[in-house]
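Below: one structure, written as structure tokens.
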Amino acid sequence: MKNTIILYLNNTRMKFHIPFFLIALSLTGCASIDITVSTSVGSDKDRAAIDQLLVEWERAFNAHDMNALMATFAPKPDSNDGMKFVKGREAIQRRLQTSFEENPNVKTKQTSLDVRFLSPTLAVQTGYWNNDGLETEREKKRKDGMWTCVLEKINGKWLYLIERGWPKQPE
């Protein structure tokens, strides 16, 4: 029973392991949960490595350096582009390359807000983006937003496994 969450829905008992429940919950954007499992793992070294990964991602994006950008992703990542699911390194690379071709002057500023460790090899990072130099109308509407990523530590290196982004809603 340790490290599980039990939910009752329509008189049905459902039991989830906390890491699975937190990933599912955080990806839906329904809630933010702060429990001891999120602070019992993840060293200062791991936090620094995740912060550095975001710096590397931003630097590669701003240089439109596709090799360096793709080096920040896990072997089998997935992403979303608006309401379109993008699965795999090749598909993500095509999406980014198309974006760079349509917006040759695009630059981004990424701000990390929080990192939560789900296990010694899984973490969730949340932050904001602000893009400049956009040329397409579609991208101009999405210049600011919030993102959540699941990172996986593979062979001692943190990499982006899942990324989800939501453009800022018009006021």
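The values are calculated or read from the model by the stated rules, or taken from the named source; none is laboratory data. Note that this is a predicted model, so its numbers are computed, not measured. Note that we place each Cβ from the backbone using ideal geometry, even for glycine, and neighbour counts take in every protein chain shown. SASA here: full protein model, heavy atoms, side chains in, ligands and nucleic acids out. Shrake-Rupley method; radii C 1.70, N 1.55, O 1.52, S 1.80 Å.
Stretching PHE85 away from VAL41 to a fully extended chain increases their span by 12.8 nm, per 0.36 nm per residue minus the current alpha-carbon distance.
Residues whose amide H lies under 5 Å from that of LEU134, counting only those 5 or more places away or on a different chain, are absent; hydrogens are built 1.01 Å from N in the peptide plane.
Identify the residues of the range 123-144 with backbone N under 18 Å of a label point that sits 7 angstrom from the Cα of ALA68 along the Cα-to-Cβ direction, or state none. Correct set: 132. Label sites at GLU56 and LYS157, each approximated as a point 7 angstrom past Cα along Cα to Cβ, lie 0.5 nm apart. The lysine pair count for the range 30-160, using Cα distances under 12 Å and pairs eight or more places apart or on different chains, is 4. For ARG95, the shell of other residues with beta-carbons less than 15 Å away shows a net charge of 0, using +1 for Lys and Arg and -1 for Asp and Glu.
With a simple spin-label model that places each label point 7 Å from the Cα along the Cα-to-Cβ direction, the separation between ASN130 and ASP114 comes to 2.1 nm.
Placing +1 on the Cβ of every Lys and Arg and -1 on the Cβ of every Asp and Glu, with no other charges, gives the range 85-158 a dipole of roughly 200 debye about its Cα centre.
At the listed q of 0.13, 0.20, 0.28 Å⁻¹, the Debye profile of the range 94-153, built from one uniform point per Cα, gives log10 I(q)/I(0) equal to -0.44, -0.80, -1.07. Which residues does a label at THR121 reach in the range 68-82, if reach means a backbone N under 16 Å from a point 7 Å past the Cα toward the Cβ? Only 74-77 fall inside the zone, counting backbone N under 16 Å. To the nearest 10, the accessible area of VAL124 is 10 Å² with a 1.4 Å probe.
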